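Worksheet for the structure shown next.
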Amino acid sequence: MKINANSIKVGNVIEYQNNLWQVLKRNHVKPGKGGAYVQVEMKDIINGTKNNVRFISTQTIEKAHLESKKFQYQYMEGDDLIAMDMETFESFNFNQNLLHEQLPFLQDEMEITVEYCNDNSINIRLPEHITMSISETESVVKGQTATSSFKPAILENGVKIMVPQFITAEDKIVVRMEDLTYVERANK
């Protein structure tokens with residue numbers, strides 16, 4: 001399906017130079033001189049390389065037709081993850097590389113979405129928000145909690161994330177999967 005460059009959104013999969021690219025960042029730029037353009041950072045779905053491209057605002061881009069299917073993650077077997085189709089209850093193998101940097105957030109029996117293009121699985125998406133425990137963080141210095149500064153913390157899966165000053169070790173927080181950032185403290 002053809003779309004205008006202005007219609008590109010983060011997360012879209014587009015066909016560019018005979019490859020499938022997932023849009024990571026998008027910025028509409030209107031310089032003082034010349035025409036407006038859309039600056040896009042995207043990642044090749046197959047080999048993971050990144051590319052920055054400028055599209056003229058009026059340029060048409062081919063948006064890939066994706067089909068999504070729900071699965072329930074079961075277990076890992078070598079480099080593959082085994083997931084059960086939520087409709088037919090059949091088990092399927094998917095390469096763990098389809099998860100990219102979200103692999104450490106995969107949890108037993110988690111519902112995942114597998115995206116297909118031309119009957120090939122190209123991406124696995126986890127739920128939008130995931131609750132995780134903090135395993136380690138710096139202690140709070142009195143007086144710092146009044147500011148909106150962030151401090152580093154390590155989640156139970158070993159991933160580093162920035163959290164507000166009031167978060168302590170053993171707290172549960174909600175993490176946004178789109179950009180792996182802190183959302184809020186989880187309800188206990």
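None of the figures in this text is laboratory data; all of them are computed from the coordinates on show. Since the structure is predicted, the reported quantities are computational estimates derived from the model, not experimental observations. So basically every Cβ, Gly included, is an ideal-geometry build from the backbone, and we count neighbours across all protein chains shown.
Over the Cα atoms of the chain, compute the convex hull volume and normalise it per residue, giving Å³.
Enclosed volume per residue, from the Cα hull, is 157 Å³.
Take the cross-link list 70/172; 50/172; 63/160; 63/151; 43/160; 2/160 and give me the ones stretching past 29 Å between alpha-carbons.
Cα-Cα > 29 Å for 50/172; 63/160; 63/151; 2/160; rest within.
Compute and list, largest first, the equivalent-ellipsoid semi-axes of segment 67-125 from the alpha carbon gyration tensor, each √(5λ) rounded to a whole angstrom.
Calculated on Cα positions only, the semi-axes equal 15, 14, 10 Å.
What is the dipole size for the chain, taken about its Cα centre, with +1 at each Lys and Arg Cβ and -1 at each Asp and Glu Cβ, in debye to the nearest 20?
The calculated dipole for the chain is roughly 1420 debye.
List the chymotrypsin sites (Phe, Trp or Tyr not before Pro) within segment 35-144 that DSSP assigns to loop and that have no more than 16 neighbouring Cβ atoms inside 10 Å.
89
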